[in-house]
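Participant: Input: one structure, supplied below.
The values are calculated or read from the model by the stated rules, or taken from the named source; none is laboratory data. These numbers come from a predicted model, not from an experiment. As a convention, Cβ positions derive from the backbone with ideal geometry for all residues, glycine included, and neighbour counts pool all protein chains shown. Please note that ligands, DNA and RNA were not included when accessible areas were found on the heavy atoms of the full protein model with its side chains. Shrake-Rupley method; radii C 1.70, N 1.55, O 1.52, S 1.80 Å.
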Amino acid sequence: MNTKLITLFKPILIFIAVWVLVFFLYSMRLSELIWFEASAGFKFFFIATFSFCLGYFFVFLLRGRVVEKPFVYTDTAIKNVEKRIIPFFKFWIFFTIIEVIFSKGVPLLWIIQGSEKTYFDFGLPSLHGLLNALQTSLGIISFFLYLKTGKRKYLYICLFTFIWQIVVISRQLIVTQIIEIFYIYFTFSKSQLKLVRNLSFFGLFFIILFGVVGDLRTGQDKFYELAMPSQNWISWLPSGFLWVYIYLATPFNNLLYNFSVPITNFDPSFPNTTSLLLPSLIRNFFYGDNTVSNTSGALISEAFNVSSAFTSPYLDMGYYGIAIFSFTIGIISFLAWWSKGNKRVLFRAVIAQCLILSIFYNHFFYLPIIFQLFWISLIVKDEKL
């Protein structure tokens, strides 16, 4: 496949690659938690992939030929982004301070104090999700500016957003921002092959470190009791590999578990799929007070409680829901991937992250994540390249 075709199909290739990886790991059956054969997911994979491609090429046929322009940014365009990012950073700082005052502290401090409050208790309702999206947007835009200008202040802003995510115990945002930054770094890397090699070594180190931290937090014996490694597990491997395997395989396991119960009460309003796209006040207006979106469905183990991006659509409309949802995110992926102007690489980072993490959660319809596209559009205007 030539470079032009790879570029055109890249969102589809990312989508397929992550799910093929999940199928492969799942088929290894390295845990007794794995209840089903991987073949039980073939129907889902065909429907999801076909519908995603259908939505993607539906827009392609309407729009016509797309041309990949090189990422060359003018000095004027960069300076305009520099002028806008600082006011938005101050805006985020101001409202974050208000959130700290309103919440009477931060999650990291509550853990140290042994408080019963958790990270769910932090933030202003409705506003918190929008601020989370702004925070992550500022992180990736500042990293982008650091790459283009070499100014360390933008690197410090990026690092500050990471530190704050640790303070508020937001692992989801940390992983999200890391993936988006890696995509941007990969895009502008002069030697992508060398970068892949370095990232492979970093990934190995991360897996080992992830296991060490997890063992310290949960206890290795307790984790092994929960993970239930099978006879196929290679016992001499560091525990980090089992941690990663369980986190990649159990969402698919939960998804297949939900497929074992046919959905007969279809709801075309897709409440489970769309409710988290709305701020809590608006969500309660449409769906009622104390609405809780069912994003995980039935669980095989309460210790591993995510079920991918496709459980909610399935709970709403069965396999028809998966088809409609996949078709929709195919459209979203094309429109964002082939957007024009200086924001294009940032949009692609967000979409690539949503596709990769679709094995865990529906970030396409999750306000603190997908609203990045809005903040990026405000900060990075469409000055012509």
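Participant: Looking only at the stretch 220-230, decide whether some residue is assigned to a loop (DSSP other than H, G, I, E, B), in contact with a strand residue (DSSP E or B) (Cβ under 9 Å, 6 or more places away or on another chain) and open to solvent by less than 30 Å² (accessible area, probe 1.4 Å).
Facilitator: Among the residues of the stretch 220-230, at least one is assigned to a loop (DSSP other than H, G, I, E, B), in contact with a strand residue (DSSP E or B) (Cβ under 9 Å, 6 or more places away or on another chain) and open to solvent by less than 30 Å² (accessible area, probe 1.4 Å), which makes the answer yes.
Participant: Kindly establish whether I169 is on the phi > 0 side of the Ramachandran plot, hydrophobic (A, V, I, L, M, F, W, C) and in contact with a helix residue (DSSP H, G or I) (Cβ under 7 Å, 6 or more places away or on another chain).
Facilitator: yes
Participant: Counting only residues that are closer than 9 Å to T273 by Cα and aliphatic (A, V, I, L, M), which one in the stretch 305-331 is surrounded by the most Cβ atoms within 10 Å (Cβ to Cβ)?
Facilitator: A309
Participant: Give Q165, Q177 a once-over and let me know the one that is open to solvent by less than 40 Å² (accessible area, probe 1.4 Å), without any contact (Cβ under 8 Å) to a residue 40 or more places away in the chain and within 24 Å of P107 (Cα to Cα).
Facilitator: On the way: Q177 fails: without any contact (Cβ under 8 Å) to a residue 40 or more places away in the chain.
The conditions single out Q165.
Participant: Look at the stretch 240-265 and say how many of its residues are small (G, A, S) and crowded, with 20+ Cβ neighbours inside 10 Å.
Facilitator: Final tally of qualifying residues: 2.
Participant: From the set of residues in the stretch 99-109 that are under 10 Å from G123 (Cβ atoms) and out of contact with any helix residue (DSSP H, G or I) (no Cβ under 7 Å at 6 or more places or on another chain), which is surrounded by the fewest Cβ atoms within 10 Å (Cβ to Cβ)?
Facilitator: Ranking the qualifying residues of the stretch 99-109, first place goes to F102.
Participant: I would also like to ask the following. Within the stretch 26-41, identify whether any single residue is free of Cβ contacts under 8 Å to residues at least 40 places away in the same chain and surrounded by 15 or more Cβ atoms within 10 Å (Cβ to Cβ), and answer yes or no.
Facilitator: yes
Participant: So which residues in the stretch 114-153 are of a type in the set (D, E) and either within 21 Å of R344 (Cα to Cα) or open to solvent by less than 60 Å² (accessible area, probe 1.4 Å) (or both), if there are any at all?
Facilitator: So in the stretch 114-153, the residues of a type in the set (D, E) come out as 116, 121.
Answer for the stretch 114-153, where residues must be of a type in the set (D, E) and either within 21 Å of R344 (Cα to Cα) or open to solvent by less than 60 Å² (accessible area, probe 1.4 Å) (or both): there is none.
Participant: For Y156, indicate whether it is buried (at least 16 other Cβ atoms within 10 Å of the Cβ), within 30 Å of Y73 (Cβ to Cβ), modelled with pLDDT of 90 or more and more than 22 Å from the chain's Cα centre (by Cα).
Facilitator: no
Participant: Is there a residue being in a helix (DSSP H, G or I), open to solvent by 50 Å² or more (accessible area, probe 1.4 Å) and among the basic types (K, R) anywhere in the stretch 180-193?
Facilitator: no
Each row is one residue, and each column tells you yes or no for (1) open to solvent by less than 20 Å² (accessible area, probe 1.4 Å); (2) more than 19 Å from the chain's Cα centre (by Cα); (3) closer than 22 Å to A17 by Cβ.
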{"position": "W338", "(1), (2), (3)": "yes, yes, yes"}
{"position": "L346", "(1), (2), (3)": "yes, no, yes"}
{"position": "V350", "(1), (2), (3)": "yes, no, yes"}
{"position": "L355", "(1), (2), (3)": "yes, no, yes"}
{"position": "Y361", "(1), (2), (3)": "no, no, yes"}
{"position": "F371", "(1), (2), (3)": "no, no, no"}
{"position": "W375", "(1), (2), (3)": "no, no, no"}
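Participant: How about the stretch 123-135: which of its residues are in contact with a Ser or Thr (Cβ under 6 Å, 6 or more places away or on another chain) and in a helix (DSSP H, G or I)?
Facilitator: Result: Q135, single match.
Participant: Given the conditions (1) in contact (Cβ under 8 Å) with a residue 40 or more places away in the chain; (2) open to solvent by 90 Å² or more (accessible area, probe 1.4 Å), which single one is not true for K83?
Facilitator: Every listed condition holds for K83 apart from (1).
Residue-wise test of (1) without any contact (Cβ under 8 Å) to a residue 24 or more places away in the chain; (2) among the β-branched types (V, I, T); (3) in contact with a helix residue (DSSP H, G or I) (Cβ under 6 Å, 6 or more places away or on another chain); (4) within 22 Å of S307 (Cβ to Cβ).
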site: G341; (1), (2), (3), (4): no, no, no, no
site: F347; (1), (2), (3), (4): no, no, yes, no
site: I356; (1), (2), (3), (4): no, yes, yes, yes
site: I359; (1), (2), (3), (4): no, yes, yes, yes
site: F374; (1), (2), (3), (4): no, no, no, no
site: L378; (1), (2), (3), (4): no, no, no, no
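Participant: Among (1) free of Cβ contacts under 8 Å to residues at least 60 places away in the same chain; (2) under 30 Å from E225 (Cβ atoms), which single condition is V18 missing?
Facilitator: (1)
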